[in-house]
């Protein structure tokens, strides 16, 4: 496991409460939809980290489970040691730093796996991961329905919970990368659920719920074939617990 001191992440931006995109898009056939998982697991990993391949393999296993929504965030802060991660992004490093700031932690590291936005464990330690998942639960169901190029998102009201941000996370479900330099030189590593970007769709009101529409063709970047919708609380612009989630692979 490798680590660096923490630094301050960028605060998340919030957009308007009611969002309804109506841009035209080509027809979309329904793909694989994962709804009502018990946990969202977010792995912060790097192709330049020798400790990460076991965690990457474990993320693949977790993502195959019907009750787990898995996402892989490739960070960029190890690029300097000889191999720039082909999926690395400063935004992913910022998200990890934001979790660190929210928890008052003193560092960030790879591989770190965050469960439901509430707890971070070493992503390669299976026993720790399974322990964190043992009593995991999400309080808010999220329903996805692809219709004529649009993705309809329905999130019911749930009295007694805090207001939360609705995020759209676009990902690539699988890629194999030949590592030519750095700590993993000579290895060919399979990666799954690779996050390519994130964007705020709006706010979820626990008293009223939320109903949104997104044109998938317009919001998915090149290389992405999946989207996840996360309903996540925030405190002072820092990420809190994830309340609900669902995903679609085209």
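The values are calculated or read from the model by the stated rules, or taken from the named source; none is laboratory data. If you're wondering where the values come from, they're calculated on a predicted model, not measured in any experiment. Positions of Cβ are backbone-derived with ideal geometry, glycine not excepted, and every protein chain shown enters the neighbour counts.
Need at least 3 residues that are surrounded by fewer than 22 Cβ atoms within 10 Å (Cβ to Cβ) and at positive phi per element, so show me which strands (runs of 3 or more DSSP E) inside region 29-81 make the cut, counting only ones lying wholly within it.
none
Please give the number of the condition residue 175 fails out of (1) at pLDDT below 95; (2) within 18 Å of the chain's Cα centre (by Cα).
(1)
Just one of (1) modelled with pLDDT of 95 or more; (2) closer than 25 Å to residue 153 by Cβ trips up residue 96, so point out which.
All conditions are met except number (2).
For region 98-108, name all the residues that are in contact with a helix residue (DSSP H, G or I) (Cβ under 9 Å, 6 or more places away or on another chain) and crowded, with 17+ Cβ neighbours inside 10 Å.
Result: 108, single match.
Evaluate the following for residue 194: is it under 21 Å from residue 45 (Cα atoms), at pLDDT 95 or above and surrounded by 21 or more Cβ atoms within 10 Å (Cβ to Cβ)?
When the stated conditions are applied, residue 194 passes them.
So, in region 84-121, how many residues would count as being closer than 25 Å to residue 139 by Cα, out of contact with any strand residue (DSSP E or B) (no Cβ under 6 Å at 6 or more places or on another chain) and assigned to a strand (DSSP E or B)?
Within region 84-121, residues that are closer than 25 Å to residue 139 by Cα, out of contact with any strand residue (DSSP E or B) (no Cβ under 6 Å at 6 or more places or on another chain) and assigned to a strand (DSSP E or B) number 1.
Please count how many residues of region 109-136 are closer than 15 Å to residue 232 by Cβ, surrounded by fewer than 20 Cβ atoms within 10 Å (Cβ to Cβ) and in contact with a helix residue (DSSP H, G or I) (Cβ under 7 Å, 6 or more places away or on another chain).
1
On the basis of being buried (at least 16 other Cβ atoms within 10 Å of the Cβ) and either in a loop (DSSP other than H, G, I, E, B) or touching a strand residue (DSSP E or B) at 6+ places or on another chain (Cβ under 6 Å) (or both), does residue 174 make the cut?
Here the answer is no, as residue 174 does not meet what is asked.
For residue 132, indicate whether it is part of a loop (DSSP other than H, G, I, E, B), within 23 Å of residue 231 (Cβ to Cβ) and at pLDDT 95 or above.
no
Please verify whether residue 179 is under 22 Å from residue 110 (Cα atoms) and touching a residue at least 60 places away in the same chain (Cβ under 8 Å), treating the condition exactly as stated.
Here the answer is yes, as residue 179 does meet what is asked.
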